[in-house]
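In what follows, a structure is listed as structure tokens, so that the remarks can point back to it.
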Amino acid sequence: MSVPLLAGCNCEAIELSFGVGELNAISRFEEAIFRHRRILGEDEVLCRYRAVSSRIMERLRLSPSRMNDFTNCPQLYKYRAIDLLPEPPSIDAERGKLIHSILEEIFELEMAERTYEKAVELLPSIWAKQLESKPELASLVLDEKEWFDRARALLTNYFSLERPETFESTYRELHLERDISDEIYLHGYVDRLDIAPTGEVRIVDYKTGKSPKPGWEEKALFQLRVYALLYWQIHGVLPRLLKLIYLGDSRVVESTPTEPQLKSTEKILNNIGEEILTAIESSDFPTKKSRLCDWCFFKSICPAHVG
Ligand code: SF4
């Protein structure tokens, strides 16, 4: 079916072809995006309408965090991945970014230089760059001394768990990507991937929060199993170790992935992907109320809470 679409952003009108499900989905997206005009502004609404329309025709693009959004609450996934609604920066996420950047930089240095003192020395300049790229952060961080104290405490915890001056890291912020089916493209960024001289692979992820309560480690490891699966499928090497480093309470969660575990991860991924595709085709993204709602930026427009 061919439908003319008005494109914004000084672009000309375009004509696109859709299946019936896609057309239904787009008409609902249109409603949603126009309903959120007050958040996005007129020009932005038109840009996003066009972006969403063309994205639907592409392969479904998934990452562990987007899948997590969908399993936590399909409506939240929709706000973020389909409606592309903007969210203000979160102080915890920005703190995480700062620490990740320092640790990334530390591994660029000669081994002998990778000390706690050097990491603390890097702190002001890396924070200055982060502020420069996002000036609105200045209003989030009102007490810079407290902000730096907290960052230093997280770095102290890191250096109590690892000694980066004793080993080489092979990759930082490694992008892994692969089509896991005809319809689903999966990708993610690995904080650190180390390949030992013996060829064994270790996948590492830093978390600036606290470790999961006993019994929740498996859920926490899902993201690293996705990366392990991608690495295994791309390079034919089964990673030897998955390591989550929690800087909030100086704890490490480790796991050795097995082939059956990664095959089961692949099944879960395909199932979530299928559920998302079904939700897109039917334009049905149910709300899922939970404690998460108290931290959800979209609570004020969410049908589960409004009216
Ligand atoms: S407020 Fe709760 S139910 Fe609504 S989108 Fe956010 S997480 Fe989902």
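Computed from the coordinates by the stated procedures, all read-outs in this text should not be read as laboratory data. As the structure is a prediction and not an experimental result, all values here were calculated from the model. Here the Cβ positions follow ideal geometry from the backbone for every residue, glycine too, while neighbour counts run over all protein chains shown.
General remarks:
- Note on Arg59 and Ser290: their simple-model spin labels are 2.8 nm apart, each label 7 Å out from Cα toward Cβ.
- The GluC sites (Glu not before Pro) found in the range 87-130 that occupy coil by DSSP, while having at most 11 further C-beta atoms within 10 Å, are Glu108, Glu110.
- A straight chain from Glu254 to Glu144 at 0.36 nm per residue would run longer than the Cα-Cα distance by 36.2 nm.
- Working from Cα pairs under 8 Å separated by at least six residues, relative contact order for the range 108-259 is 20 percent.
- Proximal charge balance of Arg172 [Cβ under 15 Å; K/R count +1, D/E count -1]: -4
- 3J(HN,Hα) from dihedral phi, the range 279-294, Karplus parametrisation 6.51/-1.76/1.60, rounded to Hz, x for glycine, proline: 4, 5, 5, 8, 6, 10, 10, x, 7, 9, 5, 7, 5, 4, 4, 5
- Across the range 139-156, rounded Karplus estimates of 3J(HN,Hα) from the backbone phi angles (6.51 cos²θ - 1.76 cosθ + 1.60, θ = phi - 60°) give 7, 7, 9, 7, 10, 5, 5, 5, 4, 5, 4, 5, 5, 4, 5, 5, 5, 4 Hz, Gly and Pro being marked x.
- The 3J(HN,Hα) values that the Karplus relation (6.51, -1.76, 1.60; θ = phi - 60°) gives for the range 98-112 are, in residue order, 4, 5, 4, 5, 5, 5, 5, 5, 4, 6, 7, 7, 4, 3, 5 Hz. Gly and Pro appear as x.
- Convex hull of alpha carbon positions in the range 179-254: directionally averaged projected area 5.8 nm².
- Over the range 91-166, the Kirkwood radius and the radius of gyration, each from Cα atoms, give a ratio Rg/Rh of 0.98.
- When you restrict to C-alpha pairs under 8 Å that are six or more residues apart and normalise by the size of the range 91-166, the relative contact order lands at 46 percent.
- The range 275-307: chymotrypsin sites (Phe, Trp or Tyr not before Pro) in DSSP coil with no more than 15 other Cβ atoms inside 10 Å: none
- Alpha carbon convex hull of the range 220-264, volume per residue in cubic angstrom: 66 Å³
- In a DSSP loop and with at most 12 other Cβ atoms within 10 Å, there are no trypsin sites (Lys or Arg not before Pro) in the range 78-108.
- Cα centroid of the range 65-119 to Cα centroid of the range 237-277, whole Å: 18 Å
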